[in-house]
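I have placed the structure first, in the form of structure tokens, so that the comments after it can refer back to it.
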Amino acid sequence: MEFQNIRFQKKENIGILTVDRPKALNALNTQTIQEMCSVFKEVKMDDTLRLLIITGAGEKAFIAGADIGEIQELTLKNGLEFLQAGHQMNRDIEGLGKPTIAAINGLALGGGCELALACSLRIISEKAKMGLPELGLGVIPGYGGTQRLARLIGKGRALWYLLTGDMIDAPTALELGLANMVTAPEELMEKTLKLGKKIASKGPFAVKMALMAVNYGLETNMESGLALEAALTNLALQSKDKEEGIAAFFEKRKPGLALEAALTNLALQSKDKEEGIAAFFEKRKPEYKGE
Ligand code: CAA
């Protein structure tokens, strides 16, 4: 897919998605959401990628919300579809199976704030601000903000920012637990990448299980959450990553985690795989050349 409104690059095992729609302060129109979702699909399938950073181009905005021009045109008929597309985008982020970090370089408003809330972590520049100004437009946050903000910072605080529409500056975002770290603007990407690398060095299967335990466990009661945690931990206990992680601990060396995934990914690119699958469909014996 050719991208018009985003950029996507890979830095070793980290993906970086930059929303780049300067004329609208990186606002999320339908095209941008579709482009982002295609990147999420790629990141999910690519075993060599361990983490995704989402940021905005320029200094002014991370994402200034859903596209207000598109909202103006919505009817009762297509409004639901528009909102479901935004929900799906944020669900895709939460369901990536890999951590996501919002590197908030500027204004994260409305749908942009809601997207950041769906990320695993939020690193914010000293100059950036977050907020849900939708009520001022006569609408309400429609990409999950009413739910995720209250879950993250508590009902009373969420209602305060929702009802006043006040922008939240970086120190306040940190204090509220809305942001995990504040950085100088010029250090935002460097520090986000440093954190990303640290997380990306952990066992990817265990990371996936931990994300599921927190994301799904929080939506249920303690008893069911603990049962989910036990089941997911038990899965991690059977993984090759666990064998390698623990062996490396006792041998006092760095673990080579995700060997299995990396090798499977290599095998998926091989000529032998092409031949094996072609032979399967042609109902003949494969002729492997070991490449
Ligand atoms: N959608 C579409 N275009 C947007 C936009 C948005 N969310 N935010 C900014 N723009 C456009 C402006 O229309 C303007 O375009 P033109 O140059 O063609 O006029 C351009 O970006 C620059 O914006 P401003 O001139 O307004 O810049 P400013 O510095 O004066 O103000 C701002 C910056 C305070 C962010 C202001 O642009 C603003 O209030 N934007 C809207 C923020 C907002 O309300 N976001 C929530 C959207 S609704 C939503 O997200 C619903 C949902 O939950 C799904």
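Where a number appears in this text, it was derived from the coordinates with a stated rule and is not lab data. Since the model is a prediction, treat every value here as computed from it, not as a measurement. Here the Cβ is made from the backbone with ideal geometry for all residues, glycine too, and neighbour counts use every protein chain on show.
Based on C-alpha pairs under 8 angstrom that are at least 6 apart in sequence, region 6-200 has a relative contact order of 20 percent. Over the chain, the pair-distance histogram of Cα-Cα distances with 10 Å bins from zero comes to 6, 25, 31, 22, 11, 4, 1 percent, rounded to whole numbers. When DSSP beta bridges are restricted to pairs lying wholly in the chain, around 25% turn out antiparallel. Rounded to whole Å, the principal axis extents of the Cα atoms in region 74-228 read 45, 40, 29, largest first. Set Lys and Arg Cβ to +1 and Asp and Glu Cβ to -1, take the dipole of the chain about its Cα centre, and tell me which of P255, I124, I71 lies farthest positive. Value: P255. Taking 7 Å steps out from each Cα toward its Cβ at D272 and E190 produces label points 4.5 nm apart.
Here V214 and F280 are evaluated by their C-beta separation; at R0 = 35 Å the FRET efficiency comes out at 0.30.
Taking the Cα centre of the chain as reference, the dipole from Cβ charges on Lys and Arg (+1) and Asp and Glu (-1) amounts to some 540 debye. Between the amide H of L107 and those of A61, F62, K129, distances stay under 5 Å, these residues lying 5 or more places away or on another chain, with hydrogens modeled in the peptide plane. Fewest-first ordering of R50, R157, R122 by other beta carbons within 10 Å of each residue's beta carbon gives R157, R50, R122. Given their separation in residues at 0.36 nm each and the Cα-Cα distance between them, E2 and E59 gain 18.1 nm when the chain is fully extended.
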